[in-house]
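See structure below.
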2 protein chains.
Amino acid sequence: MSSVKRISILGSTGSIGKNTLDIVARNRNQFQVVSLASRSDVESIVRQAREYKPKLVALFDEEAACDAESSLAGSGISVLSGTEGILEASTIPEADTVVSAIVGAAGVMPTFAAVEAGKDVALANKEALVAAGSIIINEAQRTGARILPVDSEHSAVFQAIMGQDTDGVERLILTASGGPFFGKGFDILDRVTPEMALDHPRWEMGPKVTVDSATMMNKGLEVIEAHWLFGVPDERIEVVVHPQSIVHSMVEFIDGSTLAQMGVADMRLPIAFALGYPDRMSLPFEPLDLTAEGRLEFFKPDLEFFPCLSLAYKALRRGGGIPAVMNAANEVAVGAFLNGQLPFTGIPLVVAHVMETAPEVQDRNLAEILRGDSWARKAANDYIASPGV
Amino acid sequence: MSSVKRISILGSTGSIGKNTLDIVARNRNQFQVVSLASRSDVESIVRQAREYKPKLVALFDEEAACDAESSLAGSGISVLSGTEGILEASTIPEADTVVSAIVGAAGVMPTFAAVEAGKDVALANKEALVAAGSIIINEAQRTGARILPVDSEHSAVFQAIMGQDTDGVERLILTASGGPFFGKGFDILDRVTPEMALDHPRWEMGPKVTVDSATMMNKGLEVIEAHWLFGVPDERIEVVVHPQSIVHSMVEFIDGSTLAQMGVADMRLPIAFALGYPDRMSLPFEPLDLTAEGRLEFFKPDLEFFPCLSLAYKALRRGGGIPAVMNAANEVAVGAFLNGQLPFTGIPLVVAHVMETAPEVQDRNLAEILRGDSWARKAANDYIASPGV
């Protein structure tokens with residue numbers, strides 16, 4: 001790499017953010033951190049700021065920002081708060097690449113802002129493209145911002161498509177681990193506790209994504225994200241369950257040839273790929289040894305067992321603001337499940353109900369999307385609070 | 001594809017040649033056959049000539065050429081014979097791409113001639129690069145000829161490397177089906193008949209290649225070919241046994257990411273890829289369904305069971321003309337096995353003996369290579385004829 005890449009990390013205190021800083025720490029001569037942003041984790045972000053010396057730290061939470069400001073007094077690091085602070089961090093002129101790793105719909109606005117500012121965006125926040133795919137992709141085309149996927153599945157597709165004529169793409173095949181309940185009987189679904197759902201067999205991720213992985217809504221969101229990232233229609237995006245999580249996804253071409261990207265299940269691989277793109281960096285991880293793994297298995301997903309996957313395809317086909325509605329309802333439902341207010345099987349019921357009762361929602365601009373998102377959150381909360389759910 | 005690609009097929013009556021013509025037949029508007037060459041199969045080449053109307057037909061065998069000439073009299077198709085005829089077919093000015101599919105060391109000269117003439121070469125004859133890799137690769141760099149691999153393994157590596165920075169390549173991992181005897185006990189080796197060796201579980205190929213597949217010498221030749229095609233040293237080329245023959249080979253990058261090319265086991269896929277390159281063509285084959293396949297397995301090869309694989313690595317490390325010597329000895333040994341003059345276990349013994357007793361052989365020019373080849377053939381025949389082998 002010829003020069004130092006300057007990066008902003010939105011969501012620096014979450015799982016992706018920490019892994020990003022791990023990559024930076026291993027390649028100090030290649031990267032410089034110019035801004036860090038988090039919702040409210042003062043302790044972590046202050047520690048990160050002291051180590052990586054960004055120009056700017058942003059905390060969404062006002063009180064947390066005040067605490068960080070005192071802790072960092074005299075360091076020369078600016079501390080900002082609120083939506084404005086996060087947007088400042090995502091558009092800071094010094095940054096070449098913005099790592100968009102704020103979880104959930106809260107990441108939509110900052111991701112859009114980074115794209116609008118023409119930054120390369122290493123995108124881990126899948127909700128941005130789920131909720132506002134058409135708007136963000138159009139904006140990226142206008143500003144020339146490159147969107148580099150950080151999800152292991154989309155990174156896999158991106159790597160498999162590199163150097164290939166996209167006219168030759170026939171299908172995208174996203175792999176799913178199946179989460180902790182794949183292959184179990186239907187009776188387990190009624191007994192799932194948050195603890196069980198958070199015990200993912202292959203990937204270490206934050207709680208929201210881990211629950212989405214257990215319902216396979218995560219894969220549904222990825223189907224929608226893949227549609228926008230690669231311009232492939234829903235009927236040519238497939239999901240296969242691959243419990244070993246070695247094949248991270250595949251691209252089938254019109255001649256029947258399939259390119260698959262594989263690797264160990266470590267988020268630092270796709271993060272490093274997005275940060276270093278177009279160069280690959282040498283990483284100190286164990287290389288893949290397929291002979292030690294022994295076998296790779298592939299199964300069709302059971303859509304009755306994983307209704308959230310079907311809901312996501314349905315939302316993509318309905319289009320407009322419906323994926324944003326679905327995503328918001330899912331966020332509320334997952335939160336309610338984690339708080340013990342909703343059984344695991346209630347998650348798809350809430351999402352389906354909100355989608356069915358949703359009014360026409362457009363996606364011509366972010367305001368429309370955010371209005372749909374708010375409506376869906378209220379509808380989901382009302383439904384969860386209503387008797388008999 | 002913008003214009004018609006004009007192709008010459010050397011070895012048109014063999015397995016690769018026939019599959020090439022099958023692709024041409026399915027895409028008549030994209031390809032035109034300008035020359036066909038075969039050792040001696042008059043009946044097939046005359047039928048092919050009548051159907052595809054090349055400008056030139058070449059038969060190595062003089063008598064066969066005379067017969068073909070009478071059969072094609074009045075057709076306007078020239079018929080040539082001998083080495084000159086084959087070389088004429090491989091350098092015919094009208095051809096854009098030469099499919100080099102003559103089996104064995106007999107393909108070295110015509111392949112070199114096509115490269116020297118600056119043709120794109122769809123290379124199925126692996127012996128050309130095994131025996132004369134350094135010479136052919138240097139010549140290709142000089143003339144700008146592109147070498148497009150037709151072996152499924154090298155096509156896989158080629159596809160996986162496309163669009164990637166080759167500085168990022170860490171290892172090539174060639175897959176091997178293991179042939180008909182993989183996983184069997186050592187005692188089977190003493191009982192192998194030509195019929196058993198020719199019964200390959202996955203691929204339909206000519207007899208020489210099928211026997212090489214049973215001894216895994218085929219994979220050894222491919223390791224040497226991969227070394228020359230992709231400029232990767234022997235210690236970074238690995239072989240794994242993958243009985244399902246779905247993953248055709250893999251490339252591991254310095255970041256631990258691995259790209260694998262997969263597909264059904266049909267030689268028409270890599271042939272079509274080489275013919276159409278850089279475009280892919282739509283092919284009417286069943287797409288890969290990994291969920292139907294169920295599982296992919298990978299094993300380390302047992303080098304005691306498959307000594308030919310070790311011999312090939314040894315030849316590559318010794319370098320110079322030794323791979324040519326090894327290849328020639330192997331051709332003689334396989335011929336003797338197919339004729340019932342040598343047991344299956346004698347093949348690696350003959351090859352090892354000839355390699356051990358070989359004088360210093362250089363590879364500065366084709367004459368040196370061919371001299372090494374001749375010496376090795378004589379040494380192999382003498383050893384096979386000697387008592388006690």
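The values are calculated or read from the model by the stated rules, or taken from the named source; none is laboratory data. Computed from a predicted model, the values in this text were never measured in an experiment. Positions of Cβ are generated from backbone atoms using ideal geometry, with glycine treated the same way; all protein chains shown enter the neighbour counts. Each accessible area value is taken on the protein alone, full model and side chains, heavy atoms only, with ligands, DNA and RNA left out. Shrake-Rupley method; radii C 1.70, N 1.55, O 1.52, S 1.80 Å.
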Output for segment B:293-389: GluC sites (Glu not before Pro) sitting in coil per DSSP, at most 14 other Cβ within 10 Å, listed by number, reads B:GLU304, B:GLU360
Take the Cα coordinates of segment A:158-231, assign each an equal point scatterer, and use the Debye formula without solvent to give log10 I(q)/I(0) at q = 0.18, 0.19, 0.20 Å⁻¹. -0.77, -0.82, -0.87
Taking segment A:70-159, which GluC sites (Glu not before Pro) meet the DSSP loop condition and have no more than 14 other C-beta atoms within 10 Å? A:GLU94
Set the Förster radius R0 to 35 Å, insert the Cβ-Cβ distance between A:GLU204 and B:ASN138 as r into 1/(1 + (r/R0)^6), and round the FRET efficiency to 0.05. 0.10
Carbon and sulfur: what percent of segment A:30-99's accessible surface (1.4 Å probe)? 46
DSSP-defined beta bridges in the protein assembly as shown - what % are antiparallel, rounded to 5: 35
Relative contact order of segment A:70-155: what whole-number percent is it, with Cα pairs under 8 angstrom and at least 6 residues apart? 25
On a 1.4 Å probe surface of the protein chains, which of B:ARG364, A:ARG6 comes out largest in accessible area, and what is the full order? B:ARG364, A:ARG6
Keeping all protein chains in place and using 1.4 angstrom, which order do A:ASP96, A:ASP373 fall into by accessible surface area, from largest down? A:ASP96, A:ASP373
Ellipticity estimate at 222 nm from DSSP helix runs (n ≥ 4, -39,500 (n - 2.57)) divided over the protein assembly as shown, nearest 500: -14000 deg cm²/dmol
Please give the residues from segment B:278-311 for which the solvent-accessible area of heavy atoms, probe 1.4 Å, is smaller by at least 50 Å² with all protein chains in place than with the chain isolated. B:ARG280, B:LEU290, B:THR291, B:ARG295, B:LEU296, B:PHE298
Can you pull a Stokes-Einstein diffusion coefficient for segment B:105-250 at 20 °C (1.002 mPa s), Rh from Kirkwood over Cα pairs, as a whole number of µm²/s? 133
Along segment B:116-124, what does the Karplus equation 6.51 cos²θ - 1.76 cosθ + 1.60 (θ = phi - 60°) give for ³J(HN,Hα), rounded to whole Hz, x for Gly and Pro? 4, 7, x, 6, 6, 10, 7, 9, 9
Viscosity 1.306 mPa s, temperature 10 °C: Stokes-Einstein D of the protein assembly as shown from its Kirkwood Cα radius, in µm² per second? 55
Counting only residues 5 or more places away or on other chains, whose amide H sits under 5 Å from the amide H of A:MET262 once H atoms are built in the peptide plane? A:HIS248, B:THR258, B:LEU259, B:ALA260
Note the direction-averaged projected area, equal to a quarter of the hull surface, for the Cα convex hull of segment A:118-203, in nm². 8.1
Can you give the accessible area of A:HIS248, probe radius 1.4 Å, in Å² rounded to 10? 10
Heavy-atom accessible area per residue - segment B:7-108, 1.4 Å, Å²: 41
When ligands, DNA and RNA are left out and all protein chains stay put, how many square angstrom of accessible area per residue does segment A:154-385 have with a 1.4 Å probe? 37
Keeping all protein chains in position, work out how much accessible area A:ILE384 exposes to a 1.4 Å probe, and write it in Å² to the nearest 10. 20
So how far, in whole Å, is the C-alpha centre of segment B:180-209 from the one of segment A:281-360? 47
Counting protein heavy atoms only and a 1.4 angstrom probe, how many square angstrom of accessible surface do chains A and B bury in total, to the nearest 100? 3500
Name the residue from B:PRO93, B:ALA328, B:LEU59 whose Cα lies farthest towards the positive end of the charge dipole of the protein assembly as shown, charges +1 on Cβ of Lys and Arg and -1 on Cβ of Asp and Glu. B:PRO93
Using a cut-off of under 13 Å, list every residue of segment A:255-284 whose amide N is near the label point 7 Å from the Cα of B:MET162 along the Cα-to-beta-carbon line. A:255-260
Can you list the distances in nanometres, one decimal and ascending, from the B:LEU198 label point to the identical position in each other copy, with the point 7 Å along Cα to Cβ? 6.6
Longer than 21 Å from Cα to Cα, which of B:LYS18/B:LYS53; A:LYS126/A:LYS314; A:LYS53/A:LYS126 are they? Say none if no pair is. A:LYS53/A:LYS126
Buried on assembly, segment A:252-276 (at least 30 Å² less accessible surface than by itself, 1.4 Å probe): A:ILE254, A:ASP255, A:GLY256, A:SER257, A:THR258, A:LEU259, A:ALA260, A:MET262, A:LEU269
By accessible area of protein heavy atoms, probe 1.4 Å, what ranking do B:ILE254, A:ILE188 get, highest first? B:ILE254, A:ILE188
Among the residues of chain B, which one places its Cβ closest to the rotation axis that maps chain B onto chain A, and what is that distance in whole Å? B:GLY163, 1
Expressed as a whole percent, how much of the Cα-Cα distance distribution for chain A exceeds 42 Å? 8
What is the Å³ per residue value for the convex hull set by the Cα atoms of segment A:154-385? 140
Computed about the Cα centre, the charge dipole of the protein assembly as shown from +1 Lys/Arg and -1 Asp/Glu charges at the Cβ has a magnitude in debye, to the nearest 20, of 660
Range of Cα positions in segment B:204-333 per principal axis (Å), largest first: 41, 38, 32
With the label set 7 Å along Cα→Cβ, B:ASN138 is separated from its counterparts in the other copies, in nm and shortest first, by 6.0
Most fluctuating of B:TYR277, B:TYR313, B:TYR52 in the GNM of chain B (C-alpha, under 10 Å) is B:TYR277
Just report the Cα centroid separation between segment A:1-34 and segment B:101-135, whole Å. 48
Computed curve, segment A:5-149, Cα-only Debye sum without solvent term, log₁₀ I(q)/I(0) at 0.15, 0.19 Å⁻¹, is -0.64, -1.03
Report, to the nearest whole %, how much of the accessible area of segment B:154-385 belongs to carbon and sulfur atoms, 1.4 Å probe, protein only. 50
Too long for a 31 Å Cα-Cα cut-off, among A:LYS55/A:LYS219; B:LYS208/B:LYS300; A:LYS219/B:LYS219; B:LYS119/B:LYS219, are A:LYS55/A:LYS219; A:LYS219/B:LYS219
